[in-house]
Amino acid sequence: MERGDAIRTYKARRRVTVGQAEAIERLLPRFGADVPYGRDAPLVLEIGSGMGEATAAMAAADPDRDVLAVEVHTPGVGALLRRLEELALTNVRVVEADGLDVLRARPSGSLDEVRVFFPDPWPKARHHKRRLTTPAFADLVADRLRVGGRLHVATDWESYAEQARSVLETHPLLDLVGTGRGARPVTRFEQQGLDAGRRPHDLVAVRLRTAAG
């Protein structure tokens, strides 16, 4: 199959634009998760990088740390790859996968930060059990973070923020230390929520050395 035909077939199968499909084929060999960073630096895991706006902006502003961006939706992977090329970033790697699977595969204490920005809110009560920020998720994050490492959760759904706060406030190895957005930029997705009247909530927790007494 010719390269152009292969890209068009991929586009039809994964619902990506031609540009996104081309970026995935051309740029994953440069920015894929199996490509070494070429240095020993603190690692940030971003679960659900979306279209990559926040990922690229924060990585550009924080060149001393490496970022592993995980996104389950193919269009977001293609869009982020294009941003990385445009900005000539070398400290970001991208993988199309389930974020929990990637987190489980990491060694204990190997992460400097875990970011979860605007996860699926599952707003209906019967679907709340599908939300990401559960006690089991907090257990996993706490194990994978180094002591002093951070978990940063952002959501614009009030009930999700309340649930996440409850999980983090009661976890023995995580200390909820802040509610500021820090360096997290406003993305188009977040702006849509603001336009619809939804206020963003940021929760930042730090990994403690031992269980809180």
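Taking the stated definitions as given, is residue 175 among the charged types (D, E, K, R) and closer than 26 Å to residue 53 by Cα?
no
If you go through the stretch 172-181 one residue at a time, do you hit one that is at negative phi and in contact (Cβ under 8 Å) with a residue 40 or more places away in the chain?
Among the residues of the stretch 172-181, at least one is at negative phi and in contact (Cβ under 8 Å) with a residue 40 or more places away in the chain, which makes the answer yes.
Yes/no matrix, rows are residues, columns are (1) under 22 Å from residue 59 (Cβ atoms); (2) among the aliphatic types (A, V, I, L, M):
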{"residue": "74", "(1), (2)": "yes, no"}
{"residue": "80", "(1), (2)": "yes, yes"}
{"residue": "86", "(1), (2)": "yes, no"}
{"residue": "96", "(1), (2)": "yes, no"}
{"residue": "108", "(1), (2)": "no, no"}
{"residue": "113", "(1), (2)": "yes, no"}
{"residue": "116", "(1), (2)": "yes, yes"}
{"residue": "124", "(1), (2)": "no, no"}
{"residue": "129", "(1), (2)": "no, no"}
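Please go through the stretch 148-176 and give me each residue that is in a strand (DSSP E or B) and either among the acidic types (Asp, Glu) or over 20 Å from the mean Cα position of the chain (by Cα) (or both), ordered by number.
Once the filter is applied, which keeps residues that are in a strand (DSSP E or B) and either among the acidic types (Asp, Glu) or over 20 Å from the mean Cα position of the chain (by Cα) (or both), the stretch 148-176 yields only 175.
Any idea which residue in the stretch 61-75 is nearest to residue 37 (Cα to Cα), counting only those that are in contact (Cβ under 8 Å) with a residue 40 or more places away in the chain and either part of a loop (DSSP other than H, G, I, E, B) or touching a Ser or Thr at 6+ places or on another chain (Cβ under 8 Å) (or both)?
My answer is 65.
Taking the conditions exactly as written (closer than 24 Å to residue 201 by Cβ and over 15 Å from the mean Cα position of the chain (by Cα)), does residue 48 satisfy them or not?
No, not satisfied.
Do we have any residue at all in the stretch 135-143 that's among the acidic types (Asp, Glu), closer than 18 Å to residue 47 by Cα and part of a helix (DSSP H, G or I)?
yes
Within the stretch 18-25, is even one residue in contact with a Gly (Cβ under 9 Å, 6 or more places away or on another chain), surrounded by fewer than 22 Cβ atoms within 10 Å (Cβ to Cβ), in contact (Cβ under 8 Å) with a residue 12 or more places away in the chain and over 17 Å from residue 115 (Cα atoms)?
Within the stretch 18-25, one or more residues are in contact with a Gly (Cβ under 9 Å, 6 or more places away or on another chain), surrounded by fewer than 22 Cβ atoms within 10 Å (Cβ to Cβ), in contact (Cβ under 8 Å) with a residue 12 or more places away in the chain and over 17 Å from residue 115 (Cα atoms).
With the checklist (1) hydrophobic (A, V, I, L, M, F, W, C); (2) part of a helix (DSSP H, G or I); (3) modelled with pLDDT of 95 or more in hand, flag the one item residue 189 doesn't pass.
(3)
Condition first: buried (at least 20 other Cβ atoms within 10 Å of the Cβ) and basic (Lys, Arg). Now tell me which residues in the stretch 92-139 satisfy that.
Result: 93, 115, 131.
Give 109, 32, 99, 78 a once-over and let me know the one that is in contact with a strand residue (DSSP E or B) (Cβ under 7 Å, 6 or more places away or on another chain) and in contact (Cβ under 8 Å) with a residue 60 or more places away in the chain.
Answer to the selection: 32.
Counting only residues that are surrounded by 11 or more Cβ atoms within 10 Å (Cβ to Cβ) and either in a loop (DSSP other than H, G, I, E, B) or of a type in the set (S, T, N, Q) (or both), which one in the stretch 200-211 is nearest to the chain's Cα centre (by Cα)?
200
The values are calculated or read from the model by the stated rules, or taken from the named source; none is laboratory data. Just so we're clear, the structure is a prediction, and the values are computed from it rather than from any experiment. No Cβ is skipped: glycine too gets one built from the backbone with ideal geometry, and neighbour counts run over all protein chains shown.
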